[in-house]
Amino acid sequence: MAVAALASENAVSVRGSVVTLDADGSRTVIPAAVVTIEGAGFFRTMTVDNDGSFQFRDVVAGQYRIRASAPGLTGSASIDVRAGESVDVPVVMEVEALRESLTINGNQEVAIAAEPEQKAEIKKARLRELPCVKVGRALRFDLQTAHDRNR
């Protein structure tokens, strides 16, 4: 009982906001991002409020990793929580790595409408080198690998 009371006495709040950094250095909050705190035998997840804020209560001293995610965005921060000292930490989110794939089904060529600068040509020989997954009778190729190899 005394140990639980001492741990509760030393527990603090970890709060912060989930943001992106704009080109001009200003911050844009990301409402409804999912935030997770993990470390020192502690794990909790929550959804931030409309102003991008989060708060985890009853966090004991130790090292933690805070991760945030929202559609197309991800971010994280590491913190060191000390007994009796609440922590305020921003989590800056960035665009996740984009993955592209191509599914080929049958022998017919498909016209893809796109602006000329957005089109990329992948030769048949290159397709043979790509990681490929069979999905029913179709094949799905990892185009990110093709893009990386063409650099």
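The values are calculated or read from the model by the stated rules, or taken from the named source; none is laboratory data. What you see is a predicted model, and the numbers here were worked out from it, not measured in a lab. FYI the Cβ positions are ideal-geometry reconstructions off the backbone, even for glycines, and counts take in every protein chain you see.
Some observations on this one:
- Only one of the listed residues (65, 15, 44) is among the basic types (Lys, Arg), modelled with pLDDT of 95 or more and over 18 Å from the mean Cα position of the chain (by Cα). That residue is 15.
- Hits in the stretch 42-59 - residues which are surrounded by fewer than 16 Cβ atoms within 10 Å (Cβ to Cβ), in contact with a strand residue (DSSP E or B) (Cβ under 8 Å, 6 or more places away or on another chain) and either outside any strand (DSSP E or B) or among the aliphatic types (A, V, I, L, M) (or both): 46, 51
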